[in-house]
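Data first, discussion second: the structure below is written as C-alpha cells.
Rule-based calculations on the coordinates, nothing more; no lab input. Computed from a prediction, not measured in an experiment: that's the story for all the values here. No Cβ is skipped: glycine too gets one built from the backbone with ideal geometry, and neighbour counts run over all protein chains shown.
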C-alpha cells in the first residue's frame with residue numbers, strides 16, 4: 001500500500017483503489033468507491049481472522065480487489081489485479097469467460113448467475129438482466145455491500161515457471 005496516503009484514503013482489504021497508480025483510473029461513478037460500511041460489516045461478521053501475509057489473507061484481499069475493479073473501473077486496462085490477456089472466469093464447470101464476454105452478459109455478478117435451469121424455475125433470470133438492472137438487484141439485496149469472506153483455501157499457490 002502507498003504509505004503516503006492517510007488512513008482515510010487507504011483500504012486494508014483492497015489494492016489499486018487509491019494512490020499515484022490510480023490517478024488516471026476511469027471510475028464508473030467518477031471517483032473511487034468507499035468501502036468503510038462493508039468493511040465494518042465484514043469485520044463484525046467474519047468467522048476467520050487470517051494471519052498477516054498468509055495465503056488465505058492474500059487470496060481474500062485479491063478477490064476483494066478484483067471484485068472492486070470489476071464493479072467500479074470502466075476500462076479494462078485500469079484492472080491491475082489480473083492479467084487481462086490470460087484471465088478467464090468460470091462458474092460451476094461452465095465455459096470460461098473473458099472479461100469482455102462477462103461484460104456482455106451484464107457484467108458483475110450477473111455473469112456468475114448464468115444457468116441451464118429452465119426459465120420457469122429461475123428465481124433470478126440473468127438472461128433478462130442488463131448491467132444496470134443486475135447491479136440494482138444486488139445493491140438492493142445487499143444495501144451495505146457484499147462482505148465477502150474466504151473461509152478456506154483448498155490448494156496452495158500455483159507453480160510459476
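The table below lists the values:
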quantity	calculated
Count - residues of the range 23-38 that are outside any loop (DSSP other than H, G, I, E, B) and closer than 26 Å to residue 104 by Cα	1
Residue 26 vs. criteria on the phi > 0 side of the Ramachandran plot and either touching a helix residue (DSSP H, G or I) at 6+ places or on another chain (Cβ under 7 Å) or without any contact (Cβ under 8 Å) to a residue 12 or more places away in the chain (or both)	no
Helices (runs of 4 or more DSSP H) (entirely within the range 39-155) containing at least 2 residues that are without any contact (Cβ under 8 Å) to a residue 60 or more places away in the chain and exposed (fewer than 11 other Cβ atoms within 10 Å of the Cβ)	131-141
